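Just so it is clear, none of the values below were taken in a lab; they were calculated from the coordinates. Remember, predicted model here, so these are calculated numbers, not experimental data. Cβ: placed from backbone, ideal geometry, glycine included. Neighbour counts: every protein chain shown.
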Amino acid sequence: MLNRARNALFDRYLGISRLLAGQLDFNSIIKAVAEEVSHIIPHDHLDVCIKMVDGKYHIAYESGLETAWSKHPPALLTGSPIRTLLAGEVDYLLSADACSDPRFHFDGAFSSPIIELSLHSRLHVPLRVQGNVIGALSCSSRQSDCYTVEDVENARAVADLLAPYFFALRAAEQAKRSAVIETEASAREEGLRLGALKLTEALEAERQRIGMDLHDQTLADLTRLTRRMEKLRHDVTLPGDALEPLCRSLQQCMHDLRQIIEEAKPTVLQLFGVAEAIETHLERSVCESGQAIDWQMTDESGGALRDLDPTVSVALFRIAQEAINNAIRHGQSDRIMVRLGQADHALYIEVEDNGRGMGASNDGWSGHGIDNMKTRARLISARFEIGQRPFAAVSGGGTRVRVVLPINLPALTETV
Ligand SMILES: Nc1ncnc2c1ncn2[C@@H]1O[C@H](COP(=O)(O)OP(=O)(O)O)[C@@H](O)[C@H]1O
Ligand SMILES: [Mg+2]
C-alpha cells in the first residue's frame, strides 16, 4: 500500500519533469506544472517567487488565483511576507492560518493578497541552486490548517525539480536583458556618430560657402582696392613711397586669402577624387614650403577610393592634408611618402616622413590637428594611427600617419 503510494508520487515527479521540458518562460512552466503539483500538494494558489540577480528585488509568477503579487513589477525583498525564507534564515514556512500569522504581517509587508483572497493555509519552501536560495515555491489553500510537515517534504522535492530550470531561465533572461541594454547603447553611440557626421557635413558645406563668399566678395573688394591704391601711388605726390608698404601688405593679405579659399574649396577632390586631391595638395605644399623635400605618392587602391561617399572622401582628404602639413611643418624631413592601398577588406592611406619624429619635438602638442584627424577618422568608422615610421633606421626616424577604412569589398588579393 505504502509502496503503491510512493510509486504514484514518483510518477507525479516524473510527470513534472516531463512537463518542464521545452518551456521557455516562467509563466509557462508554472502553468504547465501546477496541475501535476496539485496532485501532490492540493492548493488553490501556487506561486513561485524568483530573486533577481542583484539579490535586492524579487518577482512573482502564479497559477490558480490571480493576485497583486504577479501584477507588481519587481518588488523589494525586504517587503516580502516570506523575506526570512528568501534570505535563507529559515528552511521552510508552514502556517495553519496565514491571515492572522504575525510572520507575514509586519510593517511594510506586501501581504494584502493573503487577506484579500483568504489564503489561510500556506506552505513555502526555498528554491536552491548550489546552496544558494534563488527563490521560493509557495502553495496556499483557502482552508485553514491543511498542510503538514510531510507536505513540506513533498514541496521540497518539487522545488528541487524546478530550481535548476528557474536558475537557467533567470540567467538567460538576464543575458537577454544585458544584450538589449548593450544593443541600445551601441545604437545610441551610432546615432551620435551619425549626428556628428551630419554636423561635419554641414560644417564642410558651410566652409565651402564661406570660401565662395570670400572669393566672390572679399577677394574682389581687395582686388579693387589694390587697383585704386596703385593708381593713387602714381597720381598723388607723397613723400618717398609712403604707399609702398601698404600695397605690399595688401598683396600679402590677398595671397593669404587665396590660400584660405583654396583650402576651403576642395575642388580637385570634388572633380577628380581623393587620390588626385591628395597628390595635388602634396605637390603644391612641398613646392610652397621652399624646403628641399623629395616626395612620392603611390596609389594601389585599385580605384576603390573613387567610389566612396562624398562625406567619407572629404574626411579622408582632410586627414591626409593635415598629415602632409604636419610632415612639412614639423618633420624637418627631406622625404615624404604617401601610400594609398587596399588590404584585408579595408582601404588605407599612409603619410610617412623621414624627419625628426614625433618624440623629438619640443614645441609641445600645441594644435588641434592630430585631435581633428582622430575625430574625423572616428566619424567615418576608420582606424587612426600616428607614430614612429616603421623600420626607421635612425632613432627618431620619422613619423607615419595611417588611416584604415573598413570596406565591404573583398581585398584585391582575393579577387585575383
Ligand atoms: N610629422 C611630424 N613630425 C614631427 N612632429 C610632428 C609631426 N606631426 C605632428 N608633430 C608634432 O605634434 C604636434 C601636434 O600636431 P598638431 O596636432 O597637428 O598641431 P599643430 O600642427 O598645430 O602644431 C606638433 O606641434 C608637432 O610637435
Ligand atoms: Mg598640424
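For the chain, please report how many Lys pairs fall under 17 Å Cα to Cα, leaving out neighbours fewer than 8 apart on the same chain. Don't skip to the answer; put the middle values down first.
Numbers: LYS31/LYS71; LYS51/LYS71; LYS51/LYS176; LYS198/LYS374.
The number of close lysine pairs in the chain is 4.
Between the amide H of ARG335 and those of ASP294, ASN354, distances stay under 5 Å, these residues lying 5 or more places away or on another chain, with hydrogens modeled in the peptide plane.
If you wrap the Cα atoms of the range 58-109 in a convex hull and average its projected area over all directions, you get 4.1 nm².
The phi-based Karplus calculation (6.51 cos²θ - 1.76 cosθ + 1.60; θ = phi - 60°) puts the 3J(HN,Hα) values of the range 128-145 at 10, 9, 6, x, 9, 7, 9, x, 8, 10, 10, 10, 10, 10, 6, 7, 7, 6 Hz, whole numbers, x for Gly and Pro.
Distance between the C-alpha centres of the range 313-332 and the range 177-246: 19 Å, rounded to the whole angstrom. The relative contact order of the range 2-184, computed from alpha carbon pairs under 8 Å that lie at least 6 residues apart in sequence, is 21 percent. Summarising the amide proton neighbourhood of TYR57: residues at separation of 5 or more, or on other chains, whose placed amide H is nearer than 5 Å comprise MET52, LEU77.
Computed from the Kirkwood radius of its Cα pairs, the Stokes-Einstein diffusion coefficient for the range 272-416 at 10 °C and 1.306 mPa s stands at 103 µm²/s.
Note on the chain: GNM, Cα springs under 10 Å; of GLY22, GLY387, GLY397, the largest mean-square fluctuation is that of GLY22. Can you work out the base-10 log of I(q)/I(0) for the chain at q = 0.06, 0.08, 0.11, 0.14 1/Å, using the Debye formula on its C-alpha atoms alone? Relative scattering, expressed as log10 I(q)/I(0), comes to -0.56, -0.68, -0.84, -1.17.
Output needed for the range 148-240: three equivalent-ellipsoid semi-axes, defined as square roots of 5 times the C-alpha gyration tensor eigenvalues, in descending order, whole Å. Can you show the working numbers first?
Values: eigenvalues 1462, 21, 8 Å².
Over the Cα atoms of the range 148-240, the ellipsoid semi-axes are 85, 10, 6 Å.
Compared with the dominant principal axis of the Cα atoms in the chain, helix 244-264 is inclined by about 40°.
The orientation-averaged projected area of the convex hull spanned by the Cα atoms of the range 2-184 comes to 10.8 nm². Farthest towards the positive end of the charge dipole of the chain, among the residues GLN270, GLN296, TYR92, is the Cα of GLN296, using unit charges on the Cβ of Lys, Arg, Asp and Glu.
What's the magnitude of the charge dipole for the chain around its Cα centre, counting Lys and Arg as +1 and Asp and Glu as -1 at the beta-carbon? Answer in Debye, nearest 20. Kindly include the intermediate steps, with their values, before the conclusion.
Numbers: 44 positive and 57 negative charges, 49 e Å.
Computed charge dipole of the chain: roughly 240 debye.
Model label points for GLN174 and GLN130, set 7 angstrom from Cα along the Cα-to-Cβ axis, are 1.0 nm apart.
Would you mind telling me which residue in ALA242, ALA159, ALA187 has the biggest mean-square fluctuation in a Gaussian network model of the chain, where springs connect alpha carbons within a distance under 10 angstrom? For the chain, modelled as a Gaussian network with Cα springs under 10 Å, the answer is ALA242. By the count of neighbouring beta-carbon atoms within 10 Å, fewest first, ILE181, ILE82 end up ordered ILE181, ILE82.
Centre-to-centre, using Cα atoms only, the range 26-51 and the range 67-115 are separated by 17 Å.
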